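Working notes, structure below.
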Amino acid sequence: MVHLVEGDQPFGLHGIHGRALPISFGVKMGKPELNTVVVAGDGDFLSIGGEHIGPAANRNLDVTAVVMDNGVYGLTKGQSSPTTEYGKVTVSTPLGKIENPISPLRHYMSIGVTYIASYYSSKPRVLAKLIQEAMNHRGFSIVHVQSPCTTYNDTYDILKGKPKEGIKGIAYDIPEDHDPTSVQSANDLLDRPGIPLGVVFKHEGKTLQDRYEELQSKAPSQTNQQLLDSYLLKA
């Protein structure tokens, strides 16, 4: 999905399941001036599309990914996903899920994503500000959104708790003294139980486009004919 912060109306496209990041790679390299946003779910982004996150982070692709995590495949009738908790009964795990859930935020930290934010869908104004900040970040940014599926996995009460009944939710606001520019501080935050809400980590570094332009400036200029000739076998 391509979004222009200012100017013309946004242009979006539906890609292949799990392949949003490779598609965004092509869009960004072809039109680097566009602000490119990927919208995905926990199922396709962390499962079939999971192998694409590492290369995007390693390249520091200047793209923002908004991941809506509802803990199941909500659009296909509630099968278990990578973030479904252990033992949960779903249509694809009738006796309970046998795998442990992955920790998305820890995963993003471990592979070098340069901007990581976490929030939930019930506060859209705050979430919108985080997405805007992620879009303004130069480099690969991910906003991981807790987005309960009210049909197949309604986790609102688990996240927010029930204060009137004395039940504390697992989601909590990141402390004001947290330093998001520190790897150690981010890892310490993720060692705490629960789900942090806010900016977990951010770091500015060279983007893929920066590196590509540096290589272009060093490469000798060639005509189209010279490029074609370079592929010919010479006797």
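Segment 73-115 and segment 213-234 have Cα centres lying 46 Å from one another. Residues whose amide H falls under 5 Å from that of Y172, counting only those 5 or more places apart or on a different chain, are I195, L197, with hydrogens built in the peptide plane.
The residue among G205, H107, G43 whose Cα reaches farthest toward the positive pole of the charge dipole of the chain, with charges on the beta-carbon of Lys, Arg, Asp and Glu, is G43. Around the amide H of Q79, modelled in the peptide plane, lie the amide H atoms of Y73, all under 5 Å away and 5 or more residues distant in sequence or on another chain. 3J(HN,Hα) along segment 191-207: 6, 6, x, x, 10, x, 10, x, 8, 7, 7, 8, 8, 8, x, 5, 8 Hz, from the Karplus curve 6.51 cos²θ - 1.76 cosθ + 1.60 with θ = phi - 60°, whole Hz, x for Gly and Pro. DSSP assigns beta bridges within the chain; of those with both partners inside it, close to 40 percent run antiparallel. Translational diffusion coefficient of the chain (Stokes-Einstein, Kirkwood radius from Cα pairs, 37 °C, 0.692 mPa s): 168 µm²/s. Here the 3J(HN,Hα) profile of segment 118-135, calculated from phi with Karplus coefficients 6.51, -1.76 and 1.60 at θ = phi - 60°, is 9, 7, 10, 6, 7, 10, x, 5, 5, 4, 4, 5, 5, 5, 4, 5, 5, 5 Hz, Gly and Pro shown as x. Using Cβ point charges alone (K and R +1, D and E -1), the dipole size of segment 2-229 about the Cα centre works out to roughly 420 debye.
Over segment 7-48, what lengths in whole Å, largest first, do the semi-axes of the equivalent ellipsoid take, defined as the square roots of 5 times the eigenvalues of the alpha-carbon gyration tensor? Each step should come with its number before you reach the end.
Values: eigenvalues 87, 27, 12 Å².
Each semi-axis is the square root of five times an eigenvalue, giving 21, 12, 8 Å.
Can you tally the net charge around V67? Count Lys and Arg as +1, Asp and Glu as -1, for every other residue whose Cβ sits under 10 Å from the Cβ of V67. Mind dumping the intermediate values first?
On the way: positive: none; negative: D42, D44, D69.
Here the count lands on -3.
Close amide-amide hydrogen proximity is noted between F140 and L61, V63, T114, each under 5 Å apart and 5 or more residues distant or on a separate chain (H modeled in the peptide plane; Pro and chain starts excluded). Between V89, I116, I195, the Cα set farthest toward the positive side of the dipole of the chain (charges on each charged residue's Cβ, about the Cα centre) is that of V89. Listed values for segment 76-81 are Karplus-derived 3J(HN,Hα) couplings in whole Hz (6.51 cos²θ - 1.76 cosθ + 1.60, θ = phi - 60°), namely 10, 6, x, 6, 6, 10, and x replaces Gly and Pro.
A short reminder: the numbers here are calculations on the coordinates, not readings from a lab. Worth saying up front: this structure is predicted, and the values here are computed from it rather than measured. In this analysis, Cβ positions are derived from the backbone assuming ideal geometry, glycine residues included, and neighbour counts consider all displayed protein chains.
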